[in-house]
Amino acid sequence: MLRWGVMGTGNIAHQFVSDARHGSGGEFVGVYSRSQQKADAFAQEFGLQHAFSDLDAFLASPDIDVVYIASPHTSHVEQAQALLEAGKAALVEKPVAVNRTDAERLYQRSQELGVFCQEAFWTRFNPAYQQILEQARDGRLGALRHGQANFGFVSPADPEHRLNNPDLAGGALLDIGLYPLILTLDLFGEPTEIDGRVTLGETGVDRSADLVLSYAGGERCAVHFSLDYELPQTAWISGENGWAEIQSLWFAPNRAHWQVGSAPVAVEHYPLLGKGYHYEFTATNEAIAAGRLDCAEHTQADSLTLIRLLDRIRDRWGPRYSFE
Ligand SMILES: NC(=O)c1ccc[n+]([C@@H]2O[C@H](COP(=O)([O-])OP(=O)(O)OC[C@H]3O[C@@H](n4cnc5c(N)ncnc54)[C@H](OP(=O)(O)O)[C@@H]3O)[C@@H](O)[C@H]2O)c1
């Protein structure tokens, strides 16, 4: 049984540690926070034995084997690298790094040290998402021609909030835009062309985008994401013999509508336990037990492909962060 720690005590740290109880092969035993008070409160909430606010003590702890990094994007690489150097495996929230150069550096270090390092892209581990994609790719909809996916909500107004703050690599693309883009990669790979419009806001971060991605075979994808307005969290996959509409939340789904040929629309349900974060927790435990440095569901190479696409979009439309 692997012993887990978590870095950060915010929104996703709560959701992930709570969901991990549905998983297997490991258990959370410790937490690191910049504040001892927050670490103590988090440890008490989840019944963890160890609460750290001293980073060196956390890194040196003999009681922790693997760490889930749930801090803002800008801390991911530095924290992950410190963990790897300390011999601890790292499951790093998305995006694993702000740009490709940093991600490559991190994964190279993982390979050199032989220590597991994984981007926590939970959608790729979700069995319903995997099943829907598999059926679409296996011809249920005929030849695939088009994909579409949304992710939109109104971010908190506070300009210092991590979503709005350029110093924390705020913006829509790195936080939510990467979800619709993972579907496009799963359907058609890397695009030959990207067109669209991206809006930057007052703090300088990107707020919303409508992008069209084109592929060598003539296929296309449309993705829409925003921190300024709500969007239905649905996705569509279209082929020459039908379409599938993955219902909200499409990136952690439990229902899809299938229109195939002339048959009536079929509503299909997929059981989902908890919110669905435990799948990547269990997969990580299994991968480490098998001596892997990443998970087959979303390898380090897959993660680099994603970040290359994010870099392409930011190179064209921004934002460029001052610390890059
Ligand atoms: N997979 C998903 O579904 C999902 C969902 C949401 C977010 N995320 C990812 O998870 C990461 C964290 O997002 P979140 O929504 O949980 O953020 P959050 O609620 O703001 O929590 C981030 C935590 O990181 C710690 N932290 C360390 N350095 C910080 C700094 N300079 N400023 C602020 N906090 C700092 C804080 O904990 P202490 O004060 O205890 O140190 C804070 O509570 C992001 O990279 C995001 O992309 C993933």
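The values are calculated or read from the model by the stated rules, or taken from the named source; none is laboratory data. As the structure is a prediction and not an experimental result, all values here were calculated from the model. For neighbour counting, all protein chains shown are included, and Cβ atoms are generated from backbone atoms with ideal geometry for every residue, glycine included. With ligands, DNA and RNA removed, areas are computed over all heavy atoms of the protein, side chains included. Shrake-Rupley method; radii C 1.70, N 1.55, O 1.52, S 1.80 Å.
Please sort by residue number the chymotrypsin sites (Phe, Trp or Tyr not before Pro) in segment 265-324 whose DSSP state is loop and whose Cβ has at most 13 other Cβ atoms within 10 Å. Numbers along the way, then the final one.
Numbers: sites: Tyr277, Tyr279, Phe281, Trp317, Tyr321, Phe323; in loops: Tyr277, Tyr321, Phe323.
Qualifying residues, ordered by number: Phe323.
Taking the 0 to 90 degree range and rounding to the nearest ten, how far is the long axis of helix 100-113 tilted relative to the main principal axis of the chain, both from C-alpha atoms?
Between helix and principal axis, roughly 50 degrees.
If you roll a 1.4 Å probe over the heavy atoms of the protein chains, what accessible area per residue do you get for segment 127-271, in Å²? List each step's numbers first, then the result.
Numbers: 6150 Å² over 145 residues.
About 42 Å² of surface per residue is accessible.
What do you get for the angle between helix 76-85 and the principal long axis of the chain? Use alpha-carbon atoms, 0 to 90 degrees, nearest ten.
50
Suppose only helical runs count, i.e. DSSP H with n ≥ 4. What mean residue ellipticity at 222 nm does that imply for the chain under -39500 (n - 2.57) per run, divided by all residues and rounded to the nearest 500 deg cm²/dmol?
Details: 9 runs with 102 residues, N = 324.
That calculation yields -9500 deg cm²/dmol at 222 nm.
Compare Glu78, Glu45, Glu268 by solvent-accessible area with a 1.4 Å probe and give them largest first, with all protein chains kept in place.
Values: Glu78 140, Glu45 105, Glu268 50 Å².
Ranked from most to least accessible, the order is Glu78, Glu45, Glu268.
Quick one: how many Å² of His22 are accessible to a 1.4 Å probe, rounded to 10?
Spelled out: His22, probe radius 1.4 Å, area about 90 Å².
Normalised by the residues of segment 127-271, what does the relative contact order come to in percent, with Cα pairs under 8 Å and at least six apart?
Numbers: 316 pairs, mean separation 42.1, N = 145.
Result for segment 127-271 is 29 percent.
Against the longest principal axis of the chain, how steep is helix 278-289, in degrees 0 to 90 to the nearest 10, with axes from Cα atoms?
The angle comes out at about 60 degrees.
How much FRET efficiency would the formula 1/(1 + (r/R0)^6) give for His257 and Gln15, where r is the Cβ-Cβ distance and R0 is 22 Å, rounded to 0.05? Can you show the working numbers first?
On the way: r = 27 Å, r/R0 = 1.22.
Here the calculated transfer efficiency is 0.25.
Which value results when the Cα radius of gyration for the chain is divided by 2.2 N^0.38 Å?
Values: Rg = 19.7 Å, N = 324, 2.2 N^0.38 = 19.8 Å.
After normalising by residue count via 2.2 N^0.38 Å, the value is 1.00.
Quick one: with all protein chains in place, what share of the accessible area of the chain is carbon or sulfur, to the nearest percent (1.4 Å probe)?
Details: 6440 of 13410 Å².
Reported share for carbon and sulfur atoms: 48 percent.
Using Cα centres only, tell me the gap between segment 185-221 and segment 80-121 in whole Å.
Comparing the Cα centres of segment 185-221 and segment 80-121, I get a distance of 26 Å.
Can you give me the relative contact order of the chain as a percent, contacts being Cα pairs under 8 Å and 6 or more apart?
On the way: 677 pairs, mean separation 61.8, N = 324.
Once normalised by length, the contact order is 19 percent.
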